[in-house]
1. For the range 6-41, give me each residue that is buried (at least 17 other Cβ atoms within 10 Å of the Cβ), touching a strand residue (DSSP E or B) at 6+ places or on another chain (Cβ under 7 Å), under 19 Å from Ala210 (Cβ atoms) and not small (Gly, Ala, Ser).
2. What do you reckon, is Trp77 in contact with an Asp or Glu (Cβ under 6 Å, 6 or more places away or on another chain) and either within 30 Å of Lys190 (Cα to Cα) or not aliphatic (A, V, I, L, M) (or both)?
3. Just name the residue that is surrounded by the most Cβ atoms within 10 Å (Cβ to Cβ) out of those in the range 358-380 that are part of a helix (DSSP H, G or I) and modelled with pLDDT under 90.
4. I'd like to know if the range 300-317 contains one or more residues that are in contact with an Asp or Glu (Cβ under 8 Å, 6 or more places away or on another chain) and free of Cβ contacts under 8 Å to residues at least 24 places away in the same chain.
5. Out of the residues in the range 96-106 that are surrounded by 14 or more Cβ atoms within 10 Å (Cβ to Cβ) and modelled with pLDDT of 95 or more, which is nearest to the chain's Cα centre (by Cα)?
6. Would a scan of the range 69-92 turn up a residue that is under 20 Å from Gly140 (Cα atoms), under 36 Å from the mean Cα position of the chain (by Cα) and either buried (at least 17 other Cβ atoms within 10 Å of the Cβ) or outside the structural domain of Glu118 (by TED's automatic domain parsing) (or both)?
7. Checking Arg98 against (1) in contact with an Asp or Glu (Cβ under 7 Å, 6 or more places away or on another chain); (2) farther than 19 Å from Ala112 by Cβ, which single condition isn't satisfied?
8. For Pro173, indicate whether it is at pLDDT below 95 and part of a strand (DSSP E or B).
Amino acid sequence: MNDSTPLLGFTVGITASRRAEEFATLLTRRGASVVHAPAIRIIPLADDTELERVTREIVADPPKIVVATTGIGFRGWVEAADGWGLAEKLGEALSQARLLARGPKAKGAIRAADLKEEWSPAGESSAEVLDHLLAEGVEGVRIAVQLHGATTEWEPVADFCEVLRCAGADVIPVPVYRWVPPDDQSAMDKLIELAATRGLDAITFTSAPAVASMLDRARETGMLDPLIHALRQRVVVTCVGPVTAAPFVELEVPTTMPSRFRLGALARHLADELPRRASRIRAAGHDLGIRGGCVVVDGEVKQLAPASMSLLRALGARPGRVVSREQLLAVLPGGGDDTHAVETAVARLRSSLGAAKVVQTVVKRGYRLAVDPVDCGDEE
């Protein structure tokens with residue numbers, strides 16, 4: 001492992017549907033293994049009858065305020081309106097409104113449509129936009145809010161609209177780039193299983209709809225509780241920004257994010273964050289880094305069989321301390337009650353590591369990683 005490949009040995013899940021290949025390249029260049037499972041499928045805007053209905057409503061009765069939350073959504077809305085022969089009328093309606101842009105991409109899309117935003121928050125968050133509106137008062141004000149996708153319980157913009165309604169606003173949700181789950185969810189099912197079974201070191205999200213879609217799928221397949229447990233305990237959840245992270249905040253799942261809400265910044269943030277959080281064990285003169293799907297021994301990635309990986313995780317959870325044969329048997333795939341299976345699995349683990357002395361036999365007690373006692377404290 002070196003400074004150019006800080007993610008060597010780490011396995012990162014990508015849920016993005018757009019620019020996923022570009023993001024994967026940024027991670028693999030830094031040494032990561034990538035598992036891609038697109039969480040959402042975008043419905044072409046020109047085919048979205050609900051968006052056309054809302055657009056005609058806005059043309060007929062323009063709102064006083066329009067909140068643009070994403071650049072791609074606002075641009076797509078204008079393009080779809082052009083396809084319906086409504087572009088000029090929509091432009092006239094929007095020009096009469098006060099336009100608020102959540103971030104620079106939304107601002108750029110507004111200007112590309114020959115319109116001008118009135119205000120945009122410094123922190124690029126929906127919460128700042130909401131505070132701004134509530135501070136000036138919205139009682140009786142007609143407000144159009146561009147949504148991120150389908151409205152679900154995990155969708156933060158849905159809460160945004162509800163707060164405005166409670167404050168007395170007449171809210172028009174604008175469902176640009178409506179999303180639905182992928183037709184084939186097998187890749188997402190695999191990603192959820194990997195996260196729940198320690199096969200991932202990190203999972204990344206670039207939109208709130210992707211978070212909502214994954215959580216919905218986990219619940220449908222009975223995997224929501226183990227998934228949430230894994231995300232709270234060991235899988236690093238990395239989001240592009242606070243809007244994307246909002247559903248996890250509600251679930252008390254810790255998240256991390258870059259200071260700038262961009263793909264490049266997200267990749268650099270992961271390259272800094274994962275090595276910092278990873279445990280490093282010095283055993284029998286070797287440096288070990290136990291990852292989600294492999295182990296790094298003296299800077300070299302070693303791919304282990306599931307049984308060997310399970311044993312190493314159990315030993316690594318208590319570095320230098322004895323783990324009994326019975327405890328190790330319990331973590332072996334298939335289990336059973338023959339402790340001789342542990343001896344066979346340990347032999348294979350030693351062979352796979354290429355460093356036999358890393359795993360030490362403690363006669364009549366079990367096994368341990370051969371960690372210097374100074375590093376691990378008194379043995380229990």
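1. Those that are buried (at least 17 other Cβ atoms within 10 Å of the Cβ), touching a strand residue (DSSP E or B) at 6+ places or on another chain (Cβ under 7 Å), under 19 Å from Ala210 (Cβ atoms) and not small (Gly, Ala, Ser): Thr11, Val12, Ile14, Thr15, Phe23, Leu27, Val34, Val35, Ile40.
2. So Trp77 fails the test.
3. Filtering the range 358-380 for residues that are part of a helix (DSSP H, G or I) and modelled with pLDDT under 90, the one surrounded by the most Cβ atoms within 10 Å (Cβ to Cβ) comes out as Cys376.
4. no
5. Ala101
6. No - not one qualifying residue is present in the range 69-92.
7. Going through the list (1) in contact with an Asp or Glu (Cβ under 7 Å, 6 or more places away or on another chain); (2) farther than 19 Å from Ala112 by Cβ, Arg98 breaks only (2).
8. yes
The values are calculated or read from the model by the stated rules, or taken from the named source; none is laboratory data. Values in this document were obtained by computation on a predicted structure and should not be read as measured data. Cβ sites come from the backbone with ideal geometry, for glycine too, and all protein chains shown count toward neighbours.
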